[in-house]
Structures are given as structure tokens and as C-alpha cells.
1. Take the residues in the stretch 31-51 that are within 11 Å of the chain's Cα centre (by Cα) and more than 16 Å from residue 112 (Cβ to Cβ); name whichever of them is surrounded by the fewest Cβ atoms within 10 Å (Cβ to Cβ).
2. I'm told residue 24 meets every condition in (1) more than 21 Å from the chain's Cα centre (by Cα); (2) modelled with pLDDT of 95 or more except one. Can you identify the failing condition by its number?
3. Can you tell me which residue within the stretch 112-139, out of those that are aromatic (Phe, Trp, Tyr) and either under 14 Å from the mean Cα position of the chain (by Cα) or at pLDDT 75 or above (or both), is surrounded by the most Cβ atoms within 10 Å (Cβ to Cβ)?
4. Which one is nearest to the chain's Cα centre (by Cα), of the residues in the stretch 52-105 that are more than 20 Å from residue 36 (Cβ to Cβ) and of a type in the set (S, T, N, Q)?
5. Looking for something in contact with a Cys (Cβ under 6 Å, 6 or more places away or on another chain) and modelled with pLDDT of 85 or more - is there at least one such residue anywhere in the stretch 78-100?
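The values are calculated or read from the model by the stated rules, or taken from the named source; none is laboratory data. Being a predicted model, the structure only gives us computed values, none of them experimental. With ideal geometry, Cβ positions are generated from the backbone for all residues, glycine too; neighbour counts draw on all protein chains shown.
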Amino acid sequence: MSQTAEQPSAETNENLEVLTGKYLTFNLGEEEYAVGILKVREIIGVMDITPVPRVPQYIRGVINLRGKIIPVVALRSRFAMEQIEDTELTCIIVLELPFNGQNIPMGILVDSVQEVFELDLEHLADTPAFGAGINAEYLLGVGRLEQRVVMLLDVDRILNVEELNAVSQSVSPEQSSGGQA
């Protein structure tokens, strides 16, 4: 009976197979998270972030990166974690997310960036059931690296692209028709 419970079903294997590939890991406090490397455009140090009025609390503001206005989401705030001061390790991971047939750049503010690694099927697990009190909607699954567990984030759910795109355009309306990457 226990062998059946331990062996993943064909459906589980198909779901997990989609998650195989390279990931960038980063920390928020003691927790380690990862995003698919194909969504990462670049990693930059913290720079001046301009606050934008009347936006959700988790949107820290916008940055001007080589003439492109990019909204920045503070993941600690988005995950309702304790806020801390930025350090020399704090960075912004600039992601590209699909929206209306285009790739829209978005920044996520993280405590530190760790490494790029490759996950194969044997090192992946479905998102565990945390119970009614825990919201796992932002997780794609779990990766096992040596003795570490890494939460694989679904950035498309964490970042409301439509909302963040509106923030960018409200600061710089001329970029809405530019289509420049």
C-alpha cells in the first residue's frame, strides 16, 4: 500500500515535467524561492525607486532603467512578510512577463540572489497541501536541492501584469505605444 502512495501518478509526472529546467534562486528572509530563468531579463542592484501614488502597497514604485520605466514589486510586502531596510545584498530581478502579445518588464525586490540551477523531474514535487490557513496560489511546486527546499514561484500570479503595466503607463504615457524592448 505504501508503494502506491509513494509513486507519482502519470498525471503528476506530466504536471511536474513542465517545471523542469533552469531556475534563479533568491532569498526573502530565511526562505529560498526560485523563478524560471527564461523569465529573467537581468539582475540589478537597488537603485532609486520612485514611489507612485494610489497603487497597492506591494508596489514599491518605478525605476528608470536605461530609459524604460519599470514597476518594482516588493515581494516581502506582497507575501505579507516583515519589512526590512535594503542592504548591500538587496537587488531587483527584472522579469519579462507576457501581456497582450508583448513582454512587459517588471522588477521584483528581493533580499539576495543565490544561484542558477537546473531542476530535473526527480528533484521536483507538487506544491504540498498547507491546509486552509495557508495560501499556496503563488507556488508552482517545490524543488529539492541537496538538503534545501526551494519554493518555485508562479510569477504570473504574483504580479498582476495588467495592474503593473497601468502603473508604468501612468508614469510614462509615451511608452504605451512604443513597443520598444
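1. So, considering only residues that are within 11 Å of the chain's Cα centre (by Cα) and more than 16 Å from residue 112 (Cβ to Cβ), the one surrounded by the fewest Cβ atoms within 10 Å (Cβ to Cβ) is 37.
2. If we test residue 24 against (1) more than 21 Å from the chain's Cα centre (by Cα); (2) modelled with pLDDT of 95 or more, just (1) comes out false.
3. Here the residue is 138.
4. Among them, the one singled out is 77.
5. no
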